[in-house]
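Working notes for the structure below.
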Amino acid sequence: MTQRATAETIHRTCPLCEAHCGITVHVDRDANRVAALKGDPADAVSGGYVCPKVVGLRGLEEDPDRLVKPLLRRDGEFVEIEWEEALELAASKLSEIRDTHGANAIATYLGNPNAHDYAAGLTLPLFQRALGTRWRFSATSVDQLPKMVSSCVVFGAPFAVPVPDIDHTDFFLVLGANPLASNGSLMTAPDMRGRLRRLRERGGRLVVVDPRRSETAEVADQHLFIRPGADALFLFAFVHVLFEEGLVDVGALADSVRGLDELEALAKPFSPEAVAAATGVEPGTLRELVRSFAAAERGACYGRIGTCTQEFGALSSWLVDVVNTLTGNLDAEGGVRFPRPAHGPGRDEPRRKGRVPYARWRSRVRGLPEFAGELPVAALAEEIDTPGDERIRALVTVAGNPVLSTPNGERLDRALESLDFVVCVDIYLNETTRHADLILPTTPPLQRANYDLAFHGFSVRDHAKWSPAVFDPPPEARHLWQVLLEIAGRINGTTAEAAAALALRNVIESSVGPGSTCPGIDADAAAERVAGLPYPEAVLDVMLRAGPYGDHFDDDDPGLSLGKLQAATHGVDLGPLKPRLPEMLATESGAVELAPSLLVEDVPRLLAALERDASGMVLIGRRHLRSNNSWMHNLPALAKGPERCTLMVHPGDAERLGLSESGQAKVRSRVGSVVAPVEITDALMPGVVSLPHGHGHSLEGARLSVAAQRPGVNSNLLTDELGIDALSGNAILNGIPVEISPA
Ligand SMILES: Nc1nc2c(c(=O)[nH]1)N[C@H]1C(S)=C(S)[C@@H](COP(=O)(O)OP(=O)(O)OC[C@H]3O[C@@H](n4cnc5c(=O)[nH]c(N)nc54)[C@H](O)[C@@H]3O)O[C@H]1N2
Ligand SMILES: Nc1nc2c(c(=O)[nH]1)N[C@H]1C(S)=C(S)[C@@H](COP(=O)(O)OP(=O)(O)OC[C@H]3O[C@@H](n4cnc5c(=O)[nH]c(N)nc54)[C@H](O)[C@@H]3O)O[C@H]1N2
Ligand code: SF4
Ligand SMILES: [Mo]
């Protein structure tokens with residue numbers, strides 16, 4: 001261990017949300033605690049910005065409820081046990097279940113924090129392979145799955161997601177996202193408030209389409225209310241007007257785009273007039289919007305959670321890209337562009353083209369399609385509680401809280417209780433992990449190094465940054481990747497080291513030698529160069545060296561390596577987004593597929609929605625700046641303040657329903673009911689109510705002393721596991737039909 005001074009300053013990023021802001025951590029080594037947390041002005045992307053949630057990093061270090069030792073359920077009580085026993089038990093029980101009932105008797109659920117831990121991200125595939133199950137679930141199918149499905153068929157890869165070139169656009173059209181609360185998603189753009197202010201200072205325009213006048217809509221030039229779930233209709237009408245008024249201009253992409261004629265025909269029935277009743281948007285307003293967006297020199301259309309977690313998630317996600325393409329804004333400055341992360345495939349590396357990884361198998365009970373190797377989490381409970389030889393008997397959760405974050409949490413809560421064996425790799429004893437037989441707690445963010453593996457690929461500016469650990473973990477602590485490797489090694493009948501060595505060798509062999517970006521070195525020599533590094537760092541070093549800015553293992557090359565990145569304490573700025581088409585397309589045709597059959601075949605389902613009655617009350621969600629999904633409500637510095645888990649209702653609806661500001665409302669859906677305090681506000685569209693997700697901390701057996709003081713209610717007791725976007729399988733979390741009465 002290195003000798004450290006008593007006061008120290010460390011530059012890294014905050015990994016709590018997708019913004020990944022650069023931070024400066026002042027550490028008091030004597031007290032072994034964080035003295036201060038500030039934004040790092042020298043960070044090329046965040047420029048010193050941090051949000052109030054950053055104090056959560058210290059809160060997590062100091063939370064007495066955060067678990068540090070493995071917990072085993074013994075006679076109904078959790079007792080602390082040693083790591084060796086815990087890891088051995090996890091591996092032997094899982095192996096036993098697999099040997100008795102087959103690999104598919106074990107399911108995995110991976111939660112959101114995995115995306116913020118590069119070492120976990122690199123190790124999870126290895127862990128999944130060791131388990132060998134097809135029953136893989138994750139937060140993806142309550143989030144961005146529809147975008148991945150559409151990107152896969154339009155651009156050829158699930159994570160080929162164009163991001164708004166927000167710093168250069170003149171017109172930012174936002175649907176179903178509230179970056180002033182969420183700090184952005186699939187768009188790493190810290191300090192959104194500053195970026196939007198600068199957009200408007202340079203004469204640009206911000207338009208927000210949302211059933212609630214959100215914090216982002218508040219600062220917009222224009223806000224349009226839209227009926228939840230109607231975005232695909234709205235966007236098709238947008239496309240309709242572009243064709244009808246001769247405004248289509250794909251610009252420089254003319255040779256790289258296919259499907260224009262088919263698209264024009266598809267959009268025919270969706271005139272602004274035809275969709276008006278279902279969307280709630282005036283045809284004249286929509287036409288005006290289309291004209292001004294098309295007239296803008298540089299425009300970016302962006303859709304997020306509200307456009308994904310709804311009935312037509314994949315169609316909406318696709319049509320966002322269609323609108324950008326038809327207006328000449330795809331791959332253009334100030335439009336939407338593809339980042340080029342430092343760890344990404346090398347510049348001239350041919351991309352693997354192949355079959356869309358969709359519906360190669362289906363879930364047992366409802367026949368829902370697999371995508372990219374995983375099944376929709378909306379099917380998890382039924383795969384456990386529906387009898388049959390093939391049912392799920394054991395579950396491994398890794399940094400996930402599906403009881404609060406997936407639809408019909410009550411059914412899942414019950415189903416988990418019936419499992420033979422549950423292992424949770426998690427830092428809290430919470431609503432989900434209380435069902436565990438074994439909880440394996442891993443290091444919190446400041447005790448681990450990080451590299452922004454997931455979100456450098458969605459950054460509005462190309463950038464690479466290494467984040468050193470701020471604290472050495474206590475000797476008895478384990479990193480998430482170490483736990484995964486240990487279990488994988490034992491299941492494979494080898495060791496963690498052997499599992500890691502094999503995985504590293506595979507990465508090296510696919511990165512160097514003839515035909516690769518590093519032809520000048522062979523696998524043995526490359527392996528020698530990274531020998532001695534911990535597994536994740538070795539893999540990252542190979543990826544960086546072989547990547548588009550890498551040194552290709554050539555000592556005289558000024559390009560990147562992990563060592564060089566580690567020496568750059570504020571990160572390496574790789575400049576604004578640049579053109580990447582057609583080079584990065586991986587479709588069979590090598591073109592942007594604007595009318596791919598998978599999506600086109602889903603359009604009749606949307607046509608049918610035109611006829612639907614849109615008058616009943618529906619529920620949507622929302623996020624709060626000081627919260628993060630379900631798991632930051634136990635940190636006093638963030639949990640304080642006014643009650644957040646309120647049911648927002650429009651004044652007209654409140655009056656009609658007999659609700660009053662200080663009162664409580666009962667909200668019922670097909671699957672359940674909750675009682676929540678009423679907040680009357682004209683920020684909501686009439687007919688729509690809003691409740692945030694991630695609350696409901698009153699379940700017995702959890703150990704969240706701060707969160708339990710103000711538990712709130714779980715909005716996913718109302719969302720319906722049968723309600724999915726039929727194409728992608730993503731859960732519908734917005735636009736839930738509900739009945740409301742005073743309680
Ligand atoms: N109704 C409704 N539901 C939603 C949404 C919505 O908008 N509306 N949003 C959805 C979205 S976008 C998402 S991403 C999902 C999130 O769904 P999940 O990922 O299932 O839920 P989280 O609340 O993020 O839970 C994270 C879990 O990881 C644990 N954890 C946190 N940090 C660490 C760590 O460093 N190590 C380990 N080992 N564990 C850690 C926490 O204790 C917690 O148990 O929720 C979805 N659910
Ligand atoms: N503070 C905070 N930050 C977070 C999180 C958090 O929980 N708290 N979670 C993180 C995660 S995991 C994610 S995925 C991102 C999500 O980031 P965002 O996508 O920005 O998510 P939200 O803030 O929920 O904004 C979604 C918006 O969609 C609107 N909406 C709902 N239904 C519809 C609809 O049918 N159509 C349209 N057009 N709009 C609709 C809602 O009113 C809301 O304003 O945020 C991340 N950042
Ligand atoms: S916006 Fe806040 S929570 Fe997100 S990375 Fe920045 S400081 Fe952390
Ligand atoms: Mo998410």
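The values are calculated or read from the model by the stated rules, or taken from the named source; none is laboratory data. Since this is a predicted model, take the numbers as computed values, not measurements. Cβ: placed from backbone, ideal geometry, glycine included. Neighbour counts: every protein chain shown.
Conditions (1) acidic (D, E); (2) closer than 24 Å to Y428 by Cβ; (3) over 24 Å from the mean Cα position of the chain (by Cα), marked per residue:
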{"residue": "H26", "(1), (2), (3)": "no, no, yes"}
{"residue": "G39", "(1), (2), (3)": "no, no, no"}
{"residue": "A44", "(1), (2), (3)": "no, no, no"}
{"residue": "L60", "(1), (2), (3)": "no, yes, no"}
{"residue": "L67", "(1), (2), (3)": "no, yes, yes"}
{"residue": "R73", "(1), (2), (3)": "no, yes, yes"}
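Where residues in the range 428-445 are surrounded by 24 or more Cβ atoms within 10 Å (Cβ to Cβ) and among the aliphatic types (A, V, I, L, M), which of them is nearest to C14 (Cα to Cα)? Checked the range 428-445; the qualifying residue nearest to C14 (Cα to Cα) is L440. Note on the range 409-432: residues that are in contact (Cβ under 8 Å) with a residue 40 or more places away in the chain, under 30 Å from T100 (Cβ atoms) and among the hydroxyl-bearing types (S, T, Y) total 0.
Based on what the data block shows, is G735 within 23 Å of the chain's Cα centre (by Cα), on the phi > 0 side of the Ramachandran plot and either within 16 Å of ligand 3 (Cβ to nearest atom) or buried (at least 18 other Cβ atoms within 10 Å of the Cβ) (or both)? Before the answer, list the steps.
On the way: within 23 Å of the chain's Cα centre (by Cα): yes; on the phi > 0 side of the Ramachandran plot: yes; either within 16 Å of ligand 3 (Cβ to nearest atom) or buried (at least 18 other Cβ atoms within 10 Å of the Cβ) (or both): yes.
Yes; evaluated as a whole, the condition is true for this residue.
Regarding R58, is this residue more than 23 Å from N634 (Cβ to Cβ), away from ligand 4 (no atom under 16 Å from the Cβ) and either modelled with pLDDT of 95 or more or in a loop (DSSP other than H, G, I, E, B) (or both)? In short, no.
Here is a yes/no grid of residues against (1) outside any loop (DSSP other than H, G, I, E, B); (2) basic (K, R); (3) modelled with pLDDT of 95 or more:
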{"residue": "P582", "(1), (2), (3)": "no, no, no"}
{"residue": "S589", "(1), (2), (3)": "no, no, no"}
{"residue": "N629", "(1), (2), (3)": "no, no, yes"}
{"residue": "H633", "(1), (2), (3)": "no, no, yes"}
{"residue": "L638", "(1), (2), (3)": "yes, no, yes"}
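The residue pairs whose first member lies in the range 100-123 and is among the charged types (D, E, K, R), whose second member is part of a helix (DSSP H, G or I) and crowded, with 24+ Cβ neighbours inside 10 Å, and whose beta carbons are closer than 9 Å, counting only pairs six or more residues apart or on different chains, are D117/L480; D117/W481.
In the range 72-115, what residues are within 16 Å of ligand 1 (Cβ to nearest atom) and either touching a Lys or Arg at 6+ places or on another chain (Cβ under 6 Å) or in a helix (DSSP H, G or I) (or both)?
Going through the range 72-115, the residues within 16 Å of ligand 1 (Cβ to nearest atom) turn out to be 78, 83, 86-87, 90, 107-115.
Within the range 72-115, W83, A86, L87, A90, T108, N112, P113, N114, A115 qualify.
Residue-level check: of (1) within 16 Å of ligand 3 (Cβ to nearest atom); (2) among the hydroxyl-bearing types (S, T, Y); (3) surrounded by fewer than 21 Cβ atoms within 10 Å (Cβ to Cβ), T494 misses just (1). For the range 282-303, the set of residues classified as touching a residue at least 60 places away in the same chain (Cβ under 8 Å), touching a helix residue (DSSP H, G or I) at 6+ places or on another chain (Cβ under 8 Å) and not in a helix (DSSP H, G or I) consists of G299, A300, C301, Y302, G303, listed by residue number.
Among the candidates F159, F127, F155, single out the residue that is within 16 Å of ligand 4 (Cβ to nearest atom) and either surrounded by fewer than 20 Cβ atoms within 10 Å (Cβ to Cβ) or in contact (Cβ under 8 Å) with a residue 12 or more places away in the chain (or both).
Numbers: F127 fails: within 16 Å of ligand 4 (Cβ to nearest atom); F155 fails: within 16 Å of ligand 4 (Cβ to nearest atom).
None of the other options fit; the residue is F159.
Restricting the range 607-661 to residues that are more than 29 Å from A139 (Cβ to Cβ) and either within 16 Å of ligand 3 (Cβ to nearest atom) or without any contact (Cβ under 8 Å) to a residue 12 or more places away in the chain (or both), the residue that is nearest to the chain's Cα centre (by Cα) is A608. Remark: R291 matches the filter, which requires a residue to be more than 22 Å from P179 (Cβ to Cβ) and of a type in the set (D, E, K, R).
Which members of the range 521-532 meet the condition of being over 12 Å from R545 (Cα atoms) and in contact (Cβ under 8 Å) with a residue 12 or more places away in the chain?
Within the range 521-532, the subset over 12 Å from R545 (Cα atoms) is 522-525, 527-528, 531-532.
Matches in the range 521-532: A523, A525, A527.
Among the residues of the range 453-468, is there at least one that is of a type outside the set (K, R), under 30 Å from D191 (Cα atoms), part of a helix (DSSP H, G or I) and touching a Leu at 6+ places or on another chain (Cβ under 8 Å)? So far as the range 453-468 goes, yes, one or more of its residues are of a type outside the set (K, R), under 30 Å from D191 (Cα atoms), part of a helix (DSSP H, G or I) and touching a Leu at 6+ places or on another chain (Cβ under 8 Å).
For (1) more than 16 Å from ligand 4 (Cβ to nearest atom); (2) over 30 Å from L260 (Cβ atoms), each residue gets a yes or a no:
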position	(1), (2)
D554	yes, yes
K578	yes, no
E588	yes, no
R605	yes, no
R623	no, yes
W631	no, yes
R644	yes, yes
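Of the residues T279, T285, T309, which single one is more than 16 Å from ligand 4 (Cβ to nearest atom), in the same structural domain as L186 (by TED's automatic domain parsing), farther than 24 Å from V592 by Cβ and surrounded by 15 or more Cβ atoms within 10 Å (Cβ to Cβ)? From the options T279, T285, T309, the qualifying one is T279. Residues that are surrounded by 19 or more Cβ atoms within 10 Å (Cβ to Cβ), more than 21 Å from the chain's Cα centre (by Cα) and away from ligand 1 (no atom under 11 Å from the Cβ) do occur in the range 707-717, at least one of them. Give the residues of the range 1-42 that are assigned to a strand (DSSP E or B) and within 16 Å of ligand 2 (Cβ to nearest atom), sorted by residue number. Of everything in the range 1-42, just one residue is assigned to a strand (DSSP E or B) and within 16 Å of ligand 2 (Cβ to nearest atom), namely T13. The helices (runs of 4 or more DSSP H) found entirely in the range 158-238 that carry 2 or more residues being basic (K, R) are 192-201. Limited to the range 240-273, what total is found for residues that are within 32 Å of the chain's Cα centre (by Cα) and aromatic (F, W, Y)? Of the residues in that region, 1 qualify.
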